[in-house]
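Below is one structure, written out as structure tokens; comments come after it.
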Amino acid sequence: MIDSHCHLAGEEFAADLSDVIARASAAGISGALVIVGAEDEEEYQRAAGVTSAWPGARLSIGVHPHTAGQFADDPAAAAQLVEARLAGTPAARAIGEIGLDYHYDFAPRDVQQAVFREQIGLARRLNLPIVIHTREAEEDTFRILAEAPAGGPRGVFHCFTGDRAMARRALDAGFHISLAGIVTFPRATELHEVAKMIPLDRLLIETDSPFLAPVPHRGTRNEPARVVHVAEAIALLRGTNAEVVGEASHENFTQLFNP
Ligand SMILES: [Zn+2]
Ligand SMILES: [Zn+2]
């Protein structure tokens, strides 16, 4: 299986990256989509080390809503920076994570929206999928996605935590949905229902490492090997086995990110 969203180029993994990758391989994880912040020079440099150490790794580059404020004066510059990074990065397959985060509101909402919009425009021009981060911003997220002309963008709602109605909207708009370790939490009952309703050909699984460690590892640094727990939790909910979930998500990953 594949970890469709992790931050392996983050400084949290700088000291023991090869061990982390070895554990992932031993657990049967053949690859990952590694998220890189376009404006983070150090992370971008480390990403080259990740792809050379792990041939199955692909990259997604974007300006996260948390850092959108850096482009308040010129939102188009965010997309220009992403485009320049993509051009120098053969392993890049997607734009993201991009979107809106009204939970933390680290950047003004109008700036988040403008930076999101510019990067959607870039994704359409380059015909690349997007990795969407959205938190407490459902209406604005779908409104902005709907502004694009027919035929795009495509991509994934990562670390989905919405309800069934929101999942329906995302699926109807043509997007994939990726579930993270939150689905392993016993009290995430609405997310359990979401896990049962996503068609197998639209489902992805992720760790969002180093964040969101699943049961039984809660509170520790997360890593790609633990995506197995996500697959197992989803399989249990759907009455199938983890191999079925893992294989489907692997196929979807290949189709979406063409690794
Ligand atoms: Zn995110
Ligand atoms: Zn993330």
Can you tell me the length gained on complete extension of the stretch Val244 to Ala26, counting 0.36 nm per residue apart and subtracting the Cα distance?
76.6 nm
Could you tell me what % of all Cα pairs in the chain have separations over 23 Å?
47 percent
What are the ³J(HN,Hα) couplings of the range 197-206, residue after residue, when phi is run through the Karplus curve with 6.51, -1.76, 1.60 and θ = phi - 60°? Round to Hz, x for glycine and proline.
8, 5, x, 4, 7, 10, 9, 10, 10, 8
If you place +1 on the Cβ of every Lys and Arg and -1 on the Cβ of every Asp and Glu, how big does the dipole about the Cα centre of the range 65-196 come out, in debye to the nearest 20?
560 debye
Positive minus negative residues near Ala77 (Lys, Arg vs Asp, Glu; Cβ under 14 Å)
-3
Using +1 on the beta carbon of Lys and Arg, -1 on that of Asp and Glu, and nothing else charged, what's the dipole of the range 1-146 about the Cα centre, debye to 20?
720 debye
Applied in sequence order to the range 2-19, the curve 6.51 cos²θ - 1.76 cosθ + 1.60 (Karplus, θ = phi - 60°) yields integer Hz couplings, x standing for Gly and Pro, of 10, 8, 7, 6, 8, 10, 5, 8, x, 5, 4, 10, 4, 7, 9, 3, 5, 5
Helix-only [θ]222 nm of the chain, DSSP H runs n ≥ 4, -39500 (n - 2.57) each, per residue, nearest 500
-13000 deg cm²/dmol
The range 37-54 - phi-based ³J(HN,Hα) in whole Hz, Karplus 6.51/-1.76/1.60, Gly and Pro as x
x, 4, 8, 9, 4, 5, 5, 4, 5, 5, 4, 4, x, 5, 5, 7, 7, 9
Could you order the peptides 74-85, 121-132 from most to least packed, using the average number of other C-beta atoms within 10 Å per residue?
121-132, 74-85
State, to one decimal in nm, how far the label point of Glu139 lies from the label point of Glu190, with both points 7 Å from Cα in the Cβ direction.
1.6 nm
Taking the square root of 5λ for each eigenvalue of the C-alpha gyration tensor of the range 102-211, the equivalent ellipsoid has semi-axes, largest first and in whole angstrom, of 23, 17, 13
Normalised by the residues of the chain, what does the relative contact order come to in percent, with Cα pairs under 8 Å and at least six apart?
20 percent
Expected unfolding gain across Ala77-Ala146 under the 0.36 nm per residue rule, minus the alpha-carbon gap, is 22.6 nm
Assuming a viscosity of 1.567 mPa s and a temperature of 4 °C, what translational diffusion coefficient in µm² per second does Stokes-Einstein assign to the range 62-109, Rh being the Kirkwood radius over Cα pairs?
114 µm²/s
Between Ala48 and Tyr102, how many nm apart are label points set 7 Å from Cα along the C-beta direction?
4.1 nm
Contour excess over end-to-end distance, with Cα ends at Ala15 and Arg109 and 0.36 nm allotted per residue:
30.3 nm
Against the rule of thumb 2.2 N^0.38 Å, how large the Cα Rg of the range 158-206 comes out:
1.01
Residues other than Arg218 with Cβ under 13 Å of its Cβ, Lys/Arg counted +1 and Asp/Glu -1, net out at +3
Assuming R0 = 35 Å, what is the FRET efficiency of Gln70 and Asn127, from their Cβ-Cβ distance, to the nearest 0.05?
0.85
Measuring from centroid to centroid over Cα atoms, what is the spacing of the range 68-103 and the range 143-166 in Å?
18 Å
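Read-outs throughout are calculated quantities, based only on the coordinates presented, and are distinct from any laboratory measurement. Because the structure is predicted, anything quoted here is derived from the model rather than measured. Note that we place each Cβ from the backbone using ideal geometry, even for glycine, and neighbour counts take in every protein chain shown.
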